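One structure, as structure tokens, below. Some questions next.
No lab work stands behind these numbers, since they all come straight from the coordinates. Remember, it's a predicted structure, so these values are computed and weren't measured experimentally. Positions of Cβ are backbone-derived with ideal geometry, glycine not excepted, and every protein chain shown enters the neighbour counts.
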Amino acid sequence: MEKITLRPTSIKDAPLLVQWYNDEDNVKFMSTIVRCYHHTLKSVTQELKASNPDYERTFIILKNGKPIGEAGIDDLDLHDKRGEVYILIGDKSEQGKGYGLIAMKKLVAYAFKTLKLNSLFATATIKNLSSIKTLQKVGFRKVGIRKEYHHLNGKFYDEVLFELLKRDFRNL
């Protein structure tokens with residue numbers, strides 16, 4: 001049986017992140033800063049070095065110790081106890097196998113139990129059905145839609161907004 005774990009991202013992960021971030025298929029539904037720029041070893045290394053744990057926490061998703069993706073909490077606000085979660089299964093041979101769901105469950109548990117956050121936020125482009133299903137399975141609820149928010153391949157797509165409160169978290 002596969003064991004999925006999260007470990008903090010480090011500088012040594014930069015080459016793998018460059019590979020995943022520069023793969024258009026991998027990042028087509030991610031934020032503009034990830035999907036619209038060419039990433040280099042230098043740029044990713046600089047970003048990792050500049051990472052502020054008071055603002056973000058990033059993790060490498062491991063399957064039996066092998067890196068298969070990245071997960072994180074952005075826009076972390078330790079005062080108001082909130083953050084925005086994301087995941088990316090960057091290893092294409094591991095996509096679609098349910099590892100994103102396991103990683104998201106672990107990330108959410110970390111956010112609520114370790115960081116003591118009260119609320120989590122997530123977004124998904126309307127065409128990103130796997131992310132929408134993952135968020136819903138973890139317990140996130142849809143709270144709105146931003147109309148024509150993402151411009152992809154010459155078309156505009158809506159973005160679905162999700163939230164999960166600590167009191168609604170089921171330790172799955």
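Which residue, ASP13, ASP158, ASP80, has the most motion in a Gaussian network model of the chain that connects Cα atoms within less than 10 Å?
Fluctuation is largest for ASP80.
Multiply the residue separation of ARG170 and LEU152 by 0.36 nm, subtract the distance between their alpha-carbon atoms, and state the gained length in nm to one decimal. Mind dumping the intermediate values first?
On the way: separation 18, 0.36 × 18 = 6.48 nm, distance 3.45 nm.
Here the segment from ARG170 to LEU152 would lengthen by 3.0 nm.
Treating only the Cα positions of the chain as identical point scatterers, give the base-10 log of I(q)/I(0) from the Debye formula at each q in 0.08, 0.09, 0.16, 0.19 Å⁻¹.
Debye intensities relative to I(0), on a log10 scale: -0.23, -0.29, -0.99, -1.42.
Let me ask something else about it. For labels at GLU56 and THR5 in the simple 7 Å Cα→Cβ model, what's the distance in nm?
So the label points at GLU56 and THR5 sit 2.5 nm apart.
Would you kindly state the longest site-free stretch of the chain, with sites defined as trypsin sites (Lys or Arg not before Pro) in a DSSP loop (not H, G, I, E, B) surrounded by at most 12 other Cβ atoms within 10 Å? Walk me through the intermediate numbers first.
Numbers: sites that count: LYS3, LYS116, ARG170.
The longest uninterrupted stretch comes out as 4-115.
A follow-up question, please. Quick one: if you stick a label point 7 Å off each Cα along the C-beta vector at LYS113 and LYS49, how many nm between them?
Result: 3.5 nm between the two label points.
Apply the a/c threshold of 1.5 to the C-alpha gyration tensor of region 38-112 and tell me whether it is rounded, prolate or oblate.
Details: a/c = 2.42, a/b = 1.15, b/c = 2.09.
Because a/c hits 1.5 or more and a/b fails to exceed b/c, region 38-112 counts as oblate.
From the phi of every residue in region 110-118, what ³J(HN,Hα) in whole Hz does the Karplus formula 6.51 cos²θ - 1.76 cosθ + 1.60 yield, where θ is phi - 60° and glycine or proline is x?
4, 4, 7, 8, 8, 7, 6, 6, 9
Another question, then. Could I have the simple spin-label model distance between ASP23 and ASP75, label points 7 Å from Cα toward Cβ, reported in nm to one decimal?
2.7
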